[in-house]
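*Asks:* There's a structure below that I have some questions on.
Please treat every number below as a calculation from the coordinates, not as lab data. Note that the coordinates shown come from a computational prediction; the quantities given were computed from them, not determined experimentally. Because the Cβ atoms are built from the backbone with ideal geometry, glycine has one as well, and the counts that use them run over all protein chains shown.
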Amino acid sequence: MSEFQTEPDVTEDNGAAKSTPVEEEKKPEPDPKKLRPLHSRDHKQVKHLRKGVRKFLHYHSDLIPPESEAEIEQLERDLDATLEDGAATRWDLEQQADRLTKTCETAVPGYKYSALRENLEILFVAVVLAMAIRAYVAQPSRIPTGSMQPTLNGIISYPTAETAGPDAIRTAPPDYEPPTNAFQRWWDKVWFGRTHVNVVSDQTDGIVLDGTRFSERNEFLFFPRTYLTTTRGRKFKIPGTKDSVRSLLNHRVFPNPASVLIGKVEEGTVIAQGYVDSGDWLLVDRFTYHWRKPKRDDVFVFTTGGIQYGEVQHFIKRCVGIPGDRLEIESPRLLVNGEPASEPGIRRVMSAENGYSGYQRSIRSEFAELPPEKYFALGDNSSNSSDSRDWGHVPAQNVVGRALFVYYPFGHHFGPVR
C-alpha cells in the first residue's frame with residue numbers, strides 16, 4: 001500500500017485536477033516483543049475478556065442498539081478465530097481485543113467504565129452469598145451467658161481483689177495488675193478474647209447507674225460496650241455488657257450495684273478494674289437438621305418463641321431428651337428411661353469433675369415425659385442455667401441448628417463443639 005492517497009483539488013486556475021497528497025492514518029507499529037506465538041496464558045486472558053463482554057451485554061442489554069450488539073458478536077467471533085489461528089501472534093490478539101473493547105465502550109451512549117461500580121457489584125454479590133450461607137448453612141453465634149460452662153464460655157468478668165465484693169463468684173488472680181504493655185493486651189485479646197479494664201477517676205465526681213448515664217450498645221453489631229457518664233460529664237467506654245461491667249465496679253463505691261445506684265468518687269479512686277473474657281464465638285450448623293432430627297447429647301441452638309420466657313431469644317443448650325424419653329434427675333445423674341444417660345457429653349456433666357457440677361434440681365412431673373416433636377434442653381452448668389426444668393419442652397419448629405465449631409477465641413475451646 002502506498003504511503004499517500006490523492007484527492008482532486010478544484011482550486012487550480014486551469015480547471016485541471018491537481019493531486020494533493022493526503023497522509024493516510026498510520027497503524028501502530030507492532031512491539032517486537034509481542035510478535036511471538038500464542039500460549040496458554042493468552043487463552044486464559046481471552047476467556048476473562050469474553051466473560052467481561054458477556055456481563056457488559058447482560059447489564060446494558062436495554063441500551064445497546066441491535067446493530068452494535070451484532071458488531072460486538074462478530075468481533076467476538078473474530079477474536080476466537082485469531083485465537084485458533086496457528087500463525088497469529090500476541091500482537092494480533094491484542095489488536096483484536098482492543099477493537100472489541102472499544103466497540104463495547106462506544107455501543108452505549110455516555111458509557112464510562114467505573115471500577116467503583118464493578119467493585120460494588122462484586123461486594124453486593126458477596127453479601128447476598130454470605131446472607132444465604134448464614135440463613136441455610138452456617139450461622140455465626142456468640143455465647144452470652146455461663147449456662148454452658150465449662151463446655152462453652154459466656155462473657156465472664158473477673159474483678160480484682162481490690163474491687164470485688166465479698167459475694168463475688170470469681171475474681172482475678174491475687175497478683176493481677178492491668179497490663180500496660182500493648183503487645184500483652186493485644187495477645188490476650190487474640191488468644192483469650194480478653195479485654196482489660198482499668199477505669200480510674202481523675203477528679204472528684206459522682207457516678208449514677210441509671211439508664212441514661214449507664215447504658216449498653218453494640219459496636220459493629222457484635223461487640224457489646226457499656227458507657228458510663230459521670231455527673232460532671234466525664235465519659236468512659238468499657239468493653240462488655242452492663243452485667244459484666246457491673247461486676248467489675250468497685251464495691252466500696254457501690255456495695256450493691258443492683259440496688260445502690262449513686263456513688264461518690266475522689267480523684268484517683270478506682271471505679272472499675274479487672275478483665276472481661278468474651279464469650280465463645282461459634283458456627284451453628286443450620287443444614288444438618290434438614291436431613292436428620294436432633295439427637296440426645298447434641299449441643300443445639302433454638303429460639304424461645306412459644307416458650308414461656310418473655311421476649312424471643314436464641315438459646316444454646318445440650319439436648320438431653322428426645323421424643324418418647326422419660327427423664328429424671330438424681331443429682332448428679334440424669335436418668336433416661338430409668339437408666340443413667342450413656343452419651344459422652346452428658347456423662348461429662350454427671351461426673352462432677354473438671355469444672356462440671358453434675359445435674360441439679362429435679363424435673364417437674366409435667367415436663368418429665370416428652371411427647372412427639374418435643375425436646376428437653378439442659379445447660380451443662382446445671383446450677384446456673386435457665387432451661388427446660390423451668391419452662392418446659394423445646395418444640396421441633398424452634399430448633400435452629402447444631403453447634404458446630406468454636407472459631408474464637410483460640411485459647412479456650414477452639415475446635416469442634418462436643
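*Asks:* May I ask you to list pairs of residues, at least six apart or on different chains, whose Cβ atoms are under 6 Å apart, with the first in the range 397-418 being farther than 11 Å from residue 138 by Cβ and touching a residue at least 40 places away in the same chain (Cβ under 8 Å) and the second being in a loop (DSSP other than H, G, I, E, B) and polar (S, T, N, Q)?
*Replies:* 412/153
*Asks:* How many of the residues in the range 164-191 are under 17 Å from residue 412 (Cα atoms) and among the β-branched types (Val, Ile, Thr)?
*Replies:* So the answer is 1.
*Asks:* Quick one: in the range 33-76, of everything that is loosely packed, with under 10 Cβ neighbours inside 10 Å and among the acidic types (Asp, Glu), which residue is farthest from residue 88 (Cα to Cα)?
*Replies:* Looking at the filtered set, the residue picked out is 62.
*Asks:* Looking only at the range 259-282, how many residues end up being outside any strand (DSSP E or B) and closer than 30 Å to residue 316 by Cβ?
*Replies:* Counting residues in the range 259-282 that are outside any strand (DSSP E or B) and closer than 30 Å to residue 316 by Cβ gives 3.
*Asks:* Let me ask something else about it. Just need a number here: residues in the range 174-196 that are of a type in the set (Gly, Ala, Ser) and more than 20 Å from residue 237 (Cα to Cα).
*Replies:* The qualifying residues number 0.
*Asks:* Could you say whether any residue in the range 406-416 is under 25 Å from residue 281 (Cβ atoms) and touching an Asp or Glu at 6+ places or on another chain (Cβ under 6 Å)?
*Replies:* Looking through the range 406-416, at least one residue is under 25 Å from residue 281 (Cβ atoms) and touching an Asp or Glu at 6+ places or on another chain (Cβ under 6 Å).
*Asks:* Among (1) aliphatic (A, V, I, L, M); (2) in contact with a Lys or Arg (Cβ under 9 Å, 6 or more places away or on another chain); (3) in a helix (DSSP H, G or I), there is one condition residue 238 misses while meeting the rest; what is its number?
*Replies:* (3)
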